[in-house]
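The values are calculated or read from the model by the stated rules, or taken from the named source; none is laboratory data. From a predicted model like this one, the values you see are computed outputs, not experimental measurements. Positions of Cβ are backbone-derived with ideal geometry, glycine not excepted, and every protein chain shown enters the neighbour counts.
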Amino acid sequence: MPRIFALKGPQGSGKSKTLKGVCEKLLDAFPRANICAVLNIKKGTTIGIESNNHVGQTERSLKLFLNERCDVIVCATSTRGISVKAVKSTFAKRKITWLDLPKSASESAKKKARRAMVDKIFKKVNTIVK
């Protein structure tokens with residue numbers, strides 16, 4: 001049975017900002033944590049994001065995102081295998097934009113590539129959300 005923590009407070013008291021802060025602290029404390037989230041950006045606009053590409057997780061998250069009617073889905077996949085097949089089969093009749101993160105030799109090159117990809121994905125998502 002899961003533990004549930006329900007933050008109560010009147011409108012405008014900062015519940016959302018508080019829980020966003022908890023999420024940030026958890027990600028800082030557990031940098032290897034994977035993300036599976038549905039973000040409600042604007043009225044009627046939702047984004048599904050999954051950082052884990054392990055067996056079964058991608059499929060579960062894609063089903064969740066479809067059930068939540070996400071307008072945008074961003075997920076991690078390997079270069080081939082089950083997670084790629086899950087995306088292809090789930091979205092067989094939709095356009096998939098594949099983004100390639102290169103394998104870099106040095107840690108600084110990896111960080112630079114990640115920062116560039118973060119910006120690229122953010123820009124692509126932001127054009128849809130606006």
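Would you check if there is a residue in segment 37-50 being assigned to a loop (DSSP other than H, G, I, E, B), in contact with a Ser or Thr (Cβ under 9 Å, 6 or more places away or on another chain) and aliphatic (A, V, I, L, M)? No, segment 37-50 has no match at all. Test Phe30 against the stated conditions and say whether it is of a type in the set (Phe, Trp, Tyr), farther than 26 Å from Ser78 by Cβ and either out of contact with any strand residue (DSSP E or B) (no Cβ under 6 Å at 6 or more places or on another chain) or outside the structural domain of Ala76 (by TED's automatic domain parsing) (or both). No: the conditions fail for Phe30. Before we move on, is Val87 assigned by TED's automatic domain parsing to the domain that holds Ser51, in a helix (DSSP H, G or I) and in contact (Cβ under 8 Å) with a residue 12 or more places away in the chain? So Val87 passes the test.
Number of residues in segment 92-130 that are in a helix (DSSP H, G or I) and in the same structural domain as Asn40 (by TED's automatic domain parsing): the value is 0. Of all residues in segment 28-71, those that are in contact with a helix residue (DSSP H, G or I) (Cβ under 7 Å, 6 or more places away or on another chain), farther than 16 Å from Val125 by Cβ and either touching a residue at least 60 places away in the same chain (Cβ under 8 Å) or among the acidic types (Asp, Glu) (or both) total 1.
For segment 74-90, does any single residue satisfy the condition of being among the hydroxyl-bearing types (Ser, Thr, Tyr) and closer than 16 Å to Val38 by Cα? The answer is no; no qualifying residue exists. Scanning segment 59-84 for residues that are part of a helix (DSSP H, G or I), at pLDDT 90 or above and in contact with a Ser or Thr (Cβ under 6 Å, 6 or more places away or on another chain) yields Leu62, Val84.
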